[in-house]
Amino acid sequence: MKRVEVRSSPDRPKPPGIAPWKFFAGLMIHIGVPAYLLLLVVTLVVYVLEHGTTDGLFSLLPQVSLYFITFYASVTVAGTGVAALAGLVGRTRRNRQLTTLGKDPAIRSRNELSHAVGLLGAMKDDPAIESALHAIADAAWHHDDERYQQVSRDLDKAAGTYAGAHASARGEQQREVSRLAAETLRHVAQKLDDLAQDTGIAATRNAQTMAGYIASKYGDDLDVVR
């Protein structure tokens, strides 16, 4: 049996952090003053090594400062623009992926099942709920089948209702919510068992049909169950 692990939706992309252009612009702002001071130190050392004196150095500083500001501002603007473009491309790709995930019924069904089991996990102090959850999680889910998709969708809705009610209720009311949740889970487990029976019957019939086809075409003496 395939077991469904309780976890956050693994197929869904992680939410983005700080925008790339904000990160780059902030970085350039923070290192601007240290970079300027470093430039002044380098300019002083080079000037003294070349001329052996600091005479005339201070008259050179405005020109050096202007060059630095022009160059640094150009790099900051260009880099921020490139980072913004990269962020836009990343967001577009991420949104496209989210749209694809949202439109894929099988993936949506898996996410709904995981979400439902996670919500109901908070009520596992009730043995009946824990037992029913194990039966549901251990069932052979065929998420590409519309019937299973409907079950996972309904289970997710029910789990949200019961989890919210259980968190708000107290005492006897909370026990009543647990009883209702356990009863619902038993119904879901029974439905999954029925679907498994139907799936098994259909698979057996397909196997019989294939065996009959092979026997009629190739003359093998296969024992085909009629």
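Values quoted throughout were computed directly from the atomic coordinates according to the rules given, and no laboratory measurement underlies them. All of these numbers come straight from a predicted model, not from anything done at the bench. Don't worry about glycine lacking a Cβ; one is built from the backbone with ideal geometry, like all the others, and counts go over all protein chains shown.
For the chain, the C-alpha radius of gyration sits at 1.93 times the compact-globule guess of 2.2 N^0.38 Å, with N the residue count.
Using alpha carbons only, how many angstrom separate the centre of the stretch 155-226 from the centre of the stretch 53-77? Using only Cα atoms, the two centres lie 75 Å from each other. Highest GNM mean-square fluctuation among Ala211, Ala84, Ala189, for the chain modelled with Cα contacts below 10 Å: Ala211. Specify the residue with the greatest mean-square fluctuation among Glu176, Glu130, Glu50, computed from a Gaussian network of the chain linking alpha-carbon atoms under 10 Å apart. Result: Glu50 has the largest fluctuation of those listed.
Tell me the Kirkwood radius of the stretch 36-135: reciprocal of the mean inverse pair distance over distinct alpha-carbon atoms, in Å.
20.1 Å
For the stretch 42-51, backbone phi angles converted through the Karplus equation (6.51, -1.76, 1.60; θ = phi - 60°) give residue-by-residue couplings of 4, 4, 4, 5, 5, 5, 5, 5, 7, 10 Hz, Gly and Pro being listed as x.
For the pair Asp194 and Gln174 in one chain, pulling the backbone fully straight at 0.36 nm per residue adds 4.2 nm over the alpha carbon distance.
Dipole check for the chain: with +1 at the C-beta of Lys and Arg, -1 at the C-beta of Asp and Glu, and the Cα centre as origin, the magnitude is about 500 Debye. With the cut-off at under 12 Å, measuring from each backbone N in the stretch 51-83 to a point 7 Å along the Cα-to-Cβ line of Ile31 picks out 76. Within the listed set Val188, Val177, Val33, the residue fluctuating most in the Gaussian network model of the chain (springs between alpha-carbon atoms under 10 angstrom) is Val33. Given their separation in residues at 0.36 nm each and the Cα-Cα distance between them, Arg93 and Phe23 gain 23.2 nm when the chain is fully extended.
With 10 Å bins beginning at zero, the pair-distance distribution over Cα atoms of the stretch 103-175 amounts to 20, 49, 24, 7, 0 %.
For the stretch 116-226, the relative contact order works out to 28 percent when only alpha carbon pairs closer than 8 Å and six or more residues apart are counted.
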